[in-house]
Amino acid sequence: MKIVIVGCGKVGTSIARELNAEGHEISVVDNNRAAVNRLSESLDVLGVEGNGATYDALSEAGAETADLVIAATARDDVNLYTCLMARAAGVPHTIARVRSPEYTDDLYRVKDQLRLSMSINPELTEAVEISRLLRFSGALEIDSFAKGAVELIKVMVPEDSTVSGKKISQIDTLKGRVRVCTVERGNEVYIANGETVIMSGDKVSVVAKPEIAAKFFKKANVNIGRSRDVILLGGGKVSFYLAQRLIKAGANVKIIERNAARCQELADALHDAIIIHGDCMDQDLLLSEGIDRADGVAALMDYDEENILISLYIKSVSKAKIITKINNESFDNIICNLGLDSVINPKILTGEYIARYIRAMQNSMGSNVETLYRLNEDRVEALEFRVKPGSRTTKAPLAQLALKDDLQVICISRGGKVILPHGGDSIQPNDSVVVITKHKGLSDLDDILKR
């Protein structure tokens, strides 16, 4: 697809990297010449210096022949106007980054008039992701497929787990309603099969319906319980959205924020949350507010260094599920060795969400990849395909298909019914099929077959 991205900040850069890696033709527009040059040179994309909300700049970037314009500047009003101008230029699809809660709440009223294909709020997206992780507080990662009907959940296997030391074929998977997909041990990642032995300390990913997964983990003696008492460090937009979702789910929420005026705003908007005015880096304050007894803690302050340091401290005094917000991608290599529970990068998350939407768009234009998650530090991919009529995968039961090594068909969704397939099951046209693999770049379901 031909895509124009307006805004070369952190969000725009993340989106450009994600889409460029998937082979799209990218143009970027920004008023900042240095930002345009940096992005165009690092990714080998067309860069245009100018106001992306104007017809001339959009035209110079190729909008008149583009399939999609993504407006990702720091200003909501500019993004919405950019999408309106892109439509005037004949662009069939537009996506706007909209951060303000006021705009987000009202956007549905004017979405049709603006002819927006999609709007995305990075802070709300981050809050949704964190709330999912806190729902299963023992999970390291949670990804969803089949429109949320099934989830791929990664956990650490404890020493006293009933599955430790057993082959997968020997494990009670609740009559086949749970599928073990990957096993991560040290620096190695394995696509699981019946002969794979699970050991304590392994990071294991399973796919199942959420309620079935909860039963499986309880039986396996893996603590996956829900976070009931949650402390949010920092009172920004992410904390506001997250608190709303957690309170609605029945959690007790406490927010610690150093800015007194912001504390008052949060207290006025969140009547069921406890708002504490104080320094999130004050260890005595954290202990007095029960950080050592909390089920879940999210470090959501403005500075990555503070989030990292306080997360490491909390890890030393609490058994809580700890989620750490990191904006700077250059910290990735350092963070990998720190043993933090779950790290969320809102910019990368935004790029991934937009990329998933674009894959769904492509599905109607010829491609049949609907969802893609990069797992285990990018060494494994989980892809959801829509099966086209005539696919070679529909010719025989799974056991008779010549599937590639390091690949597993983990889920089939058919007419609202979820199937965790076995060798005797067959893929049918119009099914939604989820595959997990170490092979990169699969763009068609037939690519899972050996040539």
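Here G250 fulfils each of the conditions (1) on the phi > 0 side of the Ramachandran plot; (2) at pLDDT below 95; (3) buried (at least 17 other Cβ atoms within 10 Å of the Cβ); (4) of a type outside the set (A, V, I, L, M) apart from (3). Just one of the numbered conditions (1) within 19 Å of V409 (Cα to Cα); (2) out of contact with any Asp or Glu (no Cβ under 8 Å at 6 or more places or on another chain); (3) surrounded by fewer than 21 Cβ atoms within 10 Å (Cβ to Cβ) is not true of D172: (1). Determine whether I412 is among the aliphatic types (A, V, I, L, M), touching a strand residue (DSSP E or B) at 6+ places or on another chain (Cβ under 9 Å) and under 30 Å from S311 (Cα atoms). For I412, the condition - among the aliphatic types (A, V, I, L, M), touching a strand residue (DSSP E or B) at 6+ places or on another chain (Cβ under 9 Å) and under 30 Å from S311 (Cα atoms) - is not met.
Taking first residues from the range 65-80 that are within 18 Å of R356 (Cβ to Cβ) and partners that are surrounded by fewer than 23 Cβ atoms within 10 Å (Cβ to Cβ) and of a type in the set (D, E, K, R), the Cβ contacts under 6 Å between residues at least 6 apart in sequence or on separate chains come to D67/K2. Of everything in the range 213-246 that's under 21 Å from G176 (Cα atoms) and part of a helix (DSSP H, G or I), which residue is modelled with the lowest pLDDT? So, considering only residues that are under 21 Å from G176 (Cα atoms) and part of a helix (DSSP H, G or I), the one modelled with the lowest pLDDT is A214.
Restricting D378, D425, D405 to residues that are outside any strand (DSSP E or B) and within 25 Å of the chain's Cα centre (by Cα) narrows the list to D378.
Taking the conditions exactly as written (over 16 Å from Y373 (Cβ atoms), among the basic types (K, R) and outside any strand (DSSP E or B)), does K440 satisfy them or not? When the stated conditions are applied, K440 does not pass them. Would you list the strands (runs of 3 or more DSSP E) that sit entirely within the range 18-128 and hold 2 or more residues that are of a type outside the set (V, I, T), surrounded by fewer than 22 Cβ atoms within 10 Å (Cβ to Cβ) and modelled with pLDDT of 90 or more? Once the strands (runs of 3 or more DSSP E) in the range 18-128 are filtered for at least 2 residues that are of a type outside the set (V, I, T), surrounded by fewer than 22 Cβ atoms within 10 Å (Cβ to Cβ) and modelled with pLDDT of 90 or more, what remains is 46-49. The residue that is surrounded by the most Cβ atoms within 10 Å (Cβ to Cβ), among those in the range 307-357 that are out of contact with any Asp or Glu (no Cβ under 7 Å at 6 or more places or on another chain) and of a type in the set (D, E), is D341. When G416 is tested against (1) over 16 Å from L398 (Cα atoms); (2) at pLDDT 90 or above, just one condition goes unmet, and that condition is (2). Scanning the range 335-370 for residues that are outside any helix (DSSP H, G or I), closer than 19 Å to E18 by Cβ, modelled with pLDDT of 80 or more and among the aliphatic types (A, V, I, L, M) turns up V343, I344. Any residue that is part of a strand (DSSP E or B) and not aromatic (F, W, Y) - is there at least one of those in the range 385-398? Taking every residue of the range 385-398 in turn, at least one turns out to be part of a strand (DSSP E or B) and not aromatic (F, W, Y). Whenever a residue of the range 276-296 is in contact (Cβ under 8 Å) with a residue 24 or more places away in the chain and over 14 Å from G235 (Cβ atoms), it has no partner that is polar (S, T, N, Q) and part of a strand (DSSP E or B) lying with C-beta atoms less than 6 angstrom away and at least six residues away or across chains.
Of all residues in the range 132-164, those satisfying the criterion of being out of contact with any helix residue (DSSP H, G or I) (no Cβ under 8 Å at 6 or more places or on another chain) and farther than 26 Å from E377 by Cβ are K147, A149, D160.
Filtering the range 187-212 to residues that are surrounded by fewer than 16 Cβ atoms within 10 Å (Cβ to Cβ), at pLDDT 90 or above and under 28 Å from P346 (Cα atoms) leaves only E188.
Residue pairs whose Cβ atoms lie under 9 Å apart, separated by 6 or more positions or on different chains, with the first residue in the range 308-330 and assigned by TED's automatic domain parsing to the domain that holds E18 and the second buried (at least 16 other Cβ atoms within 10 Å of the Cβ), do not occur. Across the range 247-260, the qualifying residues are those that are in a helix (DSSP H, G or I) and of a type outside the set (D, E, K, R), and the one among them that is nearest to the chain's Cα centre (by Cα) is I247. Within the range 131-186, the set of residues being outside any strand (DSSP E or B) and among the acidic types (D, E) comprises E159, D160, D172.
The values are calculated or read from the model by the stated rules, or taken from the named source; none is laboratory data. Just so it is clear, the structure is predicted and the values come from calculations on it, not from any experiment. Cβ sites come from the backbone with ideal geometry, for glycine too, and all protein chains shown count toward neighbours.
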